[in-house]
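K.L.:
Encoded as structure tokens, here's the structure I'll be asking about.
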Amino acid sequence: MGMVKRGLLSGLSTTWTLGKIIFPVTLIVTLLGYTPLLDWLAKLIAPLMGLIGLPGEAAIPLVIGNVLNLYAGIGAILTFDFTVKEVFILAIMLSFSHNLIIESAVATKVGVRVSVIVAVRIFLAVAAAFIINLVWSGGSEQAVYGLASAQAPQATGVMGMVADGLWTAFLGVVQLAAIVIPLMLVVQIMRERNWLAVISKSLAPLTRLIGVGENTAVTLASGLTIGLAYGAGVMIDAVKEDRVKKKDLYVVFIFLVACHAVVEDTLVFLVLGIQVWPLLVIRLLTALLLTIVISRLWTQLEKRKQGNFGKDAVYDH
């Protein structure tokens with residue numbers, strides 16, 4: 001019973017920590033959806049769309065997806081007539097960069113700088129779009145969307161907007177608690193029964209490949225399966241309990257910003273009527289290549305600093 005109690009308390013504590021971020025951010029972002037701000041942002045970046053093979057109106061789903069979430073971005077795509085190539089470019093961009101405000105705010109609780117996460121995600125989205133537009137000459141036919149869920153009607157009046165914002169924010173925290181509390185309970189049981197060692201060993205080839213310690217396995221597993229926002233609860237706990245090094249934390253988080261919630265975030269694009277397996281392959285390969293390079297460079301810099309420090313010490317002596 002002590003183990004269950006500790007797991008529940010850990011889940012409640014983590015829900016409180018993340019809920020304090022998610023509730024106000026969701027409320028503010030929902031209210032922003034009722035203002036002209038998102039349209040203004042979309043018009044601001046519309047002239048840049050041509051560089052990555054997209055029409056000006058493609059800026060709207062990109063802004064909505066990044067400010068709100070992946071589902072809102074996909075919903076916005078469904079309101080336009082794009083070609084297959086344009087839809088695929090939008091899908092790959094949104095798979096790398098979405099829900100920036102909440103997921104970046106959560107990153108600070110794990111110990112990663114927001115500026116790094118936002119810069120990496122936007123860079124990956126733009127670079128992937130630019131390369132796909134450059135190398136793919138097909139896809140000019142009109143996209144045929146799959147099953148699209150109807151969007152909820154927007155509230156009217158100030159009180160209606162505030163009520164909608166509060167309700168959306170409340171649901172966000174409830175959804176967080178429903179996922180995080182049982183998840184933290186399971187993680188606590190696995191930790192105390194030493195099952196996490198098995199997970200660490202099974203992910204050892206991946207941790208070795210990207211140049212991080214095996215104690216990052218729990219963080220990697222949670223991010224890959226349930227995503228950044230919901231996986232952050234496990235990540236916060238794992239970083240604290242497993243004493244993950246700063247370099248390993250950054251490398252793992254950069255891997256996860258490129259490739260997280262691999263099942264959900266990939267299958268959700270089926271609604272756009274496109275092939276989704278290339279999305280998964282591109283995300284996984286990008287995550288691997290990026291983190292391998294960053295990990296090797298970081299290690300080289302650390303060795304160089306240690307070498308210089310040793311020389312300085314000898315000189316002083």
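The values are calculated or read from the model by the stated rules, or taken from the named source; none is laboratory data. For clarity, every value in this text was computed on a predicted model and none was experimentally measured. Every residue, glycine among them, receives a Cβ derived from its backbone with ideal geometry; neighbour counts consider all protein chains shown. For the accessible areas, the whole protein counts, side chains as well, though only heavy atoms, and no ligand, DNA or RNA atoms are used. Shrake-Rupley method; radii C 1.70, N 1.55, O 1.52, S 1.80 Å.
K.L.:
For LEU44, are the conditions met, namely being surrounded by fewer than 17 Cβ atoms within 10 Å (Cβ to Cβ), closer than 29 Å to VAL135 by Cβ and among the aliphatic types (A, V, I, L, M)?
P.N.:
yes
K.L.:
If you don't mind, another one. Given the conditions (1) at pLDDT 75 or above; (2) of a type outside the set (Val, Ile, Thr); (3) farther than 30 Å from THR35 by Cβ, report the number of the one that MET190 does not fulfil.
P.N.:
(1)
K.L.:
Let me ask something additional. If you scan the stretch 231-247, which residues turn out to be in a helix (DSSP H, G or I) and open to solvent by less than 50 Å² (accessible area, probe 1.4 Å)?
P.N.:
GLY231, ALA232, GLY233, VAL234, MET235, ILE236, ASP237, ALA238, VAL239, ASP242, LYS247
K.L.:
Let me ask you something else. Filter the stretch 249-274 down to the residues that are assigned to a loop (DSSP other than H, G, I, E, B) and without any contact (Cβ under 8 Å) to a residue 60 or more places away in the chain, then identify the one that is nearest to the chain's Cα centre (by Cα).
P.N.:
Checked the stretch 249-274; the qualifying residue nearest to the chain's Cα centre (by Cα) is HIS260.
K.L.:
A follow-up question, please. With respect to the numbered conditions (1) more than 23 Å from the chain's Cα centre (by Cα); (2) closer than 25 Å to ILE102 by Cα, which one is the sole condition not fulfilled by ASP81?
P.N.:
(2)
K.L.:
Cβ-Cβ below 8 Å, separation at least six or inter-chain, first residue in the stretch 208-222 and on the phi < 0 side of the Ramachandran plot, second open to solvent by 30 Å² or more (accessible area, probe 1.4 Å) and of a type in the set (Gly, Ala, Ser): which pairs?
P.N.:
Filtered contacts from the stretch 208-222: ALA217/SER202.
K.L.:
Working carefully through the options LEU256, LEU220, LEU280, LEU249, find the one that is over 22 Å from VAL180 (Cα atoms) and out of contact with any His (no Cβ under 7 Å at 6 or more places or on another chain).
P.N.:
None of the other options fit; the residue is LEU280.
Okay, residues lined up against (1) part of a helix (DSSP H, G or I); (2) modelled with pLDDT of 90 or more; (3) buried (at least 24 other Cβ atoms within 10 Å of the Cβ):
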| site | (1), (2), (3) |
| --- | --- |
| LEU48 | yes, no, no |
| ALA72 | yes, no, no |
| LYS85 | yes, yes, no |
| SER95 | yes, yes, yes |
| ILE102 | yes, no, no |
| VAL106 | yes, no, yes |
| LYS109 | yes, no, no |
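K.L.:
From the list LEU272, LEU280, LEU285, LEU267, exactly one residue is modelled with pLDDT under 90 and open to solvent by 50 Å² or more (accessible area, probe 1.4 Å). Which is it?
P.N.:
Of LEU272, LEU280, LEU285, LEU267, the one residue that is modelled with pLDDT under 90 and open to solvent by 50 Å² or more (accessible area, probe 1.4 Å) is LEU267.
K.L.:
Are any residues in the stretch 111-146 touching a Gly at 6+ places or on another chain (Cβ under 8 Å) and open to solvent by less than 40 Å² (accessible area, probe 1.4 Å), and if so, which ones?
P.N.:
ALA129, ILE132, ALA143, GLY146 - these are the residues of the stretch 111-146 that are touching a Gly at 6+ places or on another chain (Cβ under 8 Å) and open to solvent by less than 40 Å² (accessible area, probe 1.4 Å).
K.L.:
I've got another one for you. So which pairs qualify, if the first residue must be in the stretch 14-41 and assigned to a helix (DSSP H, G or I), the second must be hydroxyl-bearing (Ser, Thr, Tyr), the Cβ gap must be under 8 Å, and the two must be at least 6 apart or on different chains?
P.N.:
Close Cβ pairs (under 8 Å, with a partner that is hydroxyl-bearing (Ser, Thr, Tyr)) amount to THR26/THR168; LEU27/THR168; THR30/THR168.
K.L.:
Name the residues in the stretch 53-67 that are open to solvent by less than 50 Å² (accessible area, probe 1.4 Å), over 22 Å from the mean Cα position of the chain (by Cα) and not small (Gly, Ala, Ser), would you?
P.N.:
LEU54, PRO55 - these are the residues of the stretch 53-67 that are open to solvent by less than 50 Å² (accessible area, probe 1.4 Å), over 22 Å from the mean Cα position of the chain (by Cα) and not small (Gly, Ala, Ser).
K.L.:
Of these, GLU241, GLU302, which one is at pLDDT 85 or above and charged (D, E, K, R)?
P.N.:
Only one candidate passes the filter, namely GLU302.
K.L.:
Of THR219, THR291, which residue is at pLDDT below 85, of a type outside the set (D, E, K, R), crowded, with 22+ Cβ neighbours inside 10 Å and assigned to a helix (DSSP H, G or I)?
P.N.:
Only one candidate passes the filter, namely THR219.
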